[in-house]
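Heads up, the thing below is written out as structure tokens.
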Amino acid sequence: MRTAKIFSFLFMFMASSVIFAQDELQITAKDSIVQSSWIVGVGFNAVDDSGNVFDGLVNFGDEWNIVPFPSRVSIGRNFKSGLGIEAIGTYNEYKEGKIIDSEVIPENISYFGIDGRITYDINKIIGETGWFDPYVGVGAGYTDANNKGRGTYNAVVGFRTWFSDRWGLDFSSTGKWAMSQSEGASNHLQHSAGVVYQFGIEKGLSKRGEEKQELLAAIEKEKQRQRDSINEVNRLKDEALLAERLKKQKEADALAAKEKARIDALNKKKAEIKARIENLGNVYFALNSSVINSNSKKIMNSLMLMFEEIPTLKLKITSHTDSRGASKYNDWLSQRRVDNTRDYLLSKGVPADKLTTEAYGENKLLNECDDNTYCPEEKHAINRRSEFVILEF
């Protein structure tokens, strides 16, 4: 019992592992990253222009200058390659009593800066972290600081941290070196912090997502190989079944052709017998008579010889009248005619089971000579007849 419980636990653990692995292999939103976008930012900036930057790097009270309202705006674009370009405008104010260029200033002095820079996303080297986005960059600009305007060479290090694909915070520190030291223009540091917003976003897979995609592609390739293998087995089975069906179809076609040939031969033989009987002609009767005349006897004598030649032959004798006279009378007369026709053949030795009879009276005229149409005698004579129909041969 204990062993069964252990195996049950192991089975459940393995099943849950497989399900978890399948979930892990799904490409989700977490596996996608922003690869390129436009980016705008608003925030604060602090300037350290004390002249002893590295000695008093965190001497906020005496050396850092900051205003209590948003003083930095930026707009830029990040590219798939990791490079970015950005334009930045800043305003600040050197406060009375602060150390500027190694001297304490006696009054407030405005600070203006316009800068452009090129940055590079370090995650392209170390791997995507999703929320943490460090970067370095270089650029140039123009700064009016301590009432001295100067062009600057800039170097920046910073990072952005993202709350979503669109919103984040941006922190950076920029070193600004004066292009010319004339009129006492000096170097300084500028720090910034603010909110950034991305738009015009183009997303792609992170390295983790790409690894998942490759693994999924490998799994799909293996599944396809298995499907191809199964399809090949099924194809061979289908070919074998098709070959068997073709063989049976060929046999059925041969049997059908044989049967068709047999039927065609029978039809040909029937047509020949019918033609021979038709060539003999019908048995005709005189008006209001059922007597077999000499000419009709010759026809039936020839027909008797056909029975001897074809032992399997069976005929139906049908007898008719013309339209003259009452219908009931004509029915009786045609019955007399068919009986006399049959009796003559029986008297010549034709077996009774080879003959059947049917009397039609005036119901099956061969021409237009009905009760409403005048016809000469020769036309009426055509309808006073006994005919022979092949049943079997």
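A short reminder: the numbers here are calculations on the coordinates, not readings from a lab. Remember, it's a predicted structure, so these values are computed and weren't measured experimentally. Positions of Cβ are backbone-derived with ideal geometry, glycine not excepted, and every protein chain shown enters the neighbour counts.
Worth a mention:
- Under 25 Å from the Cα of Lys221 - lysines, other chains or at least 8 residues apart: Lys30, Lys207, Lys212, Lys237
- Counting neighbouring Cβ atoms within 10 Å and putting the fewest first, the residues Glu93, Glu362 line up as Glu93, Glu362.
- Angle in degrees between helix 327-347 and the longest Cα principal axis of the chain, rounded to the nearest 10: 80
- Estimated FRET transfer efficiency (Arg245, Arg77; beta-carbon r; R0 56 Å; 0.05): 0.25
- Straight-distance crosslink candidates among lysines, where the alpha carbon sits under 16 Å from Lys297 and sequence neighbours closer than 8 are dropped: Lys348
- Residues Ile88, Ile66, Ile299, Ile230 arranged by fewest to most Cβ contacts within 10 Å: Ile230, Ile66, Ile299, Ile88
- Computed from Cα atoms, the angle from the helix 2-24 axis to the main principal axis of the chain rounds to 80 degrees.
- The calculated FRET efficiency for the pair Ala271 and Val291, based on their C-beta separation and a Förster distance of 51 Å, comes to about 0.95.
- This structure gives Rg/Rh (Cα atoms, Kirkwood Rh), computed directly, and of (i) 0.96; (ii) 1.19; (iii) 1.76 that value is listed as (iii).
- R0 of 45 Å, Cβ-Cβ distance Tyr91-Glu211: FRET efficiency to nearest 0.05: 0.45
- Within region 190-230, GluC sites (Glu not before Pro) in DSSP loop having at most 11 other beta-carbon neighbours inside 10 Å: none
- Ranked by how many other Cβ atoms sit within 10 Å of their own Cβ, fewest first, the residues Trp177, Trp38, Trp64 fall in the order Trp38, Trp177, Trp64.
- Tilt relative to the chain, helix 294-309 - C-alpha long axis, 0 to 90 degrees, to 10: 50
- Highest-fluctuation residue, Phe285, Phe44, Phe112 considered, GNM on the chain with Cα pairs under 10 Å: Phe285
- Within a Gaussian network of the chain (alpha carbon springs, distance under 10 Å), most fluctuating of Ser334, Ser37, Ser71: Ser334
- Positive-end extreme of charge dipole, the chain - chosen from Leu287, Phe69, Leu315 (charges on Cβ): Leu287
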